[in-house]
Amino acid sequence: QLQEQAQSLKLQRIKRDLEVVGLPKLKEGDELVWHSAMALAYSEKYEQARWVAHIIIADIVGGSIGRTNDFRPDSLVSTGSAVEADYFLTTPLPDGKLKYDGFGYDRGHLAPSADFRWSKVALSESYLYSNMSPQVDDFNRGIWGDLEDKIREYVYKNPGTQLYVLTGPVLKDGLPKIERGVNKVTIPEKYWKVVLDREKQRAIGFVIPN
């Protein structure tokens with residue numbers, strides 16, 4: 001019970017700290033959605049978040065919670081978020097197994113699940129489809145994953161540090177869409193990430209082609 005109370009207080013502090021540092025201004029048509037350890041601006045036009053803000057806290061060093069893979073729609077998005085059928089279709093086979101028909105893109109996390117492995121609740125919420133964006137597999141499992149690892153490594157090497165992280169796709173008119181998906185999710189050409197160490201007053205940003 002004490003552990004649950006401590007977790008709750010940490011999640012409350014994350015929300016407070018996100019508000020203190022500040023969130024980007026919402027663009028017309030976007031919806032601000034708060035979850036336990038992250039905030040996002042969902043763009044119905046592109047069927048994904050324009051940005052996701054979260055904080056990597058020092059507790060990640062001792063975090064040991066594994067991937068949940070409980071991908072699911074975000075019920076807090078009033079217009080409805082993307083869904084599984086935007087990324088692939090499944091067909092049941094006679095032997096009880098599933099046949100997967102993929103559309104060619106990973107369900108790429110914007111706020112990575114590994115940043116929340118100190119909290120079951122926050123980690124599970126990172127699998128909401130509002131936190132997903134279609135990424136080329138070599139990008140998602142290559143340079144993007146390497147960047148996420150490097151950012152967490154900074155926290156490991158600087159005990160007690162917490163990092164404010166903003167992540168998003170570069171969204172604009174004219175981008176291709178996943179035409180076979182039910183919601184026609186836009187496929188970004190680039191992704192960006194900005195990281196702030198507020199205590200040391202330094203930051204770094206990246207823009208990387210998908």
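Across the range 49-63, coupling constants 3J(HN,Hα) worked out from phi with the 6.51/-1.76/1.60 Karplus curve, θ = phi - 60°, read 6, 6, 7, 10, 10, 8, 10, 8, 9, 4, 4, 4, 4, x, x Hz, and Gly and Pro carry x.
Taking the charge dipole of the chain about its Cα centre, with +1 at Lys and Arg Cβ atoms and -1 at Asp and Glu Cβ atoms, the residue from Tyr87, Val195, Tyr129 reaching farthest to the positive side is Val195. In order along the range 160-175, the Karplus-derived 3J(HN,Hα) couplings, from 6.51 cos²θ - 1.76 cosθ + 1.60 at θ = phi - 60°, round to x, 6, 10, 10, 8, 10, 10, 9, x, x, 8, 9, 7, 5, x, 6 Hz, and Gly and Pro are given as x. Averaged over residues, the count of other Cβ atoms within 10 Å places the peptides 204-210, 177-183 in the sequence 177-183, 204-210, highest first. Scanning residues 5 or more positions from Gly108 or on other chains, those with amide H under 5 Å from its amide H are Ser133, Gln135, with H placed 1.01 Å from N in the peptide plane. Listed by chain and number, the aspartates and glutamates whose alpha-carbon sits under 18 Å from that of Lys150, ignoring those within fewer than 8 places in the same chain, are Asp59, Asp115, Asp138, Asp197. Counting only residues at least eight positions apart within a chain, or on another chain, the aspartates and glutamates with an alpha carbon under 18 Å from that of Lys200 are Asp17, Glu153. When only alpha carbons of the range 1-91 are considered, Rg and Dmax amount to 15.6, 47 Å. Taking a straight Cα-Cα cut-off under 30 Å and skipping sequence neighbours fewer than 8 places away in the same chain, the lysines within cross-link reach of Lys184 are Lys25, Lys27, Lys45, Lys97, Lys99, Lys172, Lys193. When only DSSP loop residues count, what GluC sites (Glu not before Pro) in the range 27-135 have their Cβ near at most 14 other Cβ atoms within 10 Å? Sparse-neighbourhood loop GluC sites (Glu not before Pro): Glu28. For Gln48, the amide hydrogen comes within under 5 Å of the amide hydrogens of Ser43, counting only partners 5 or more places away or on other chains and with H modelled in the peptide plane. Per-residue packing, averaged as other Cβ atoms within 10 Å, sorts the ranges 12-22, 157-167 into the order 157-167, 12-22, beginning with the highest. The dipole here belongs to the chain: it is taken about the Cα centre, uses +1 on the Cβ of Lys and Arg and -1 on the Cβ of Asp and Glu, and is about 440 debye. One entry in [x] 1.03; [y] 0.97; [z] 0.94 is Rg/Rh (Cα atoms, Kirkwood Rh) calculated from the shown coordinates; its label is [y]. Under a model in which nothing but the beta-carbon of Lys, Arg (+1) and Asp, Glu (-1) is charged, the range 30-111 shows a dipole of about 160 debye around its Cα centre. For Ser81, the residues whose amide H sits under 5 Å from its own are Asp74, ignoring neighbours fewer than 5 places away on the same chain, with H placed 1.01 Å from N.
Report in % the part of the accessible area of the range 35-178 that belongs to carbon and sulfur, leaving out ligands and nucleic acids; probe 1.4 Å. Accessible surface attributable to carbon and sulfur in the range 35-178 totals 53 percent. Once the Kirkwood radius over Cα pairs is known for the range 128-195, the Stokes-Einstein relation at 10 °C and 1.306 mPa s delivers a diffusion coefficient of 114 µm²/s. Residues in the range 1-103 average 58 Å² of solvent-accessible surface per residue, probe 1.4 Å, ligands and nucleic acids excluded.
The values are calculated or read from the model by the stated rules, or taken from the named source; none is laboratory data. What you see is a predicted model; the values in this text were computed from it and never measured. When we count neighbours, we look across all protein chains shown, and the Cβ atoms used for this are built from the backbone with ideal geometry, even at glycine. When the accessible area is computed, the model is the full protein with side chains, heavy atoms only, and any ligands, DNA or RNA have been set aside. Shrake-Rupley method; radii C 1.70, N 1.55, O 1.52, S 1.80 Å.
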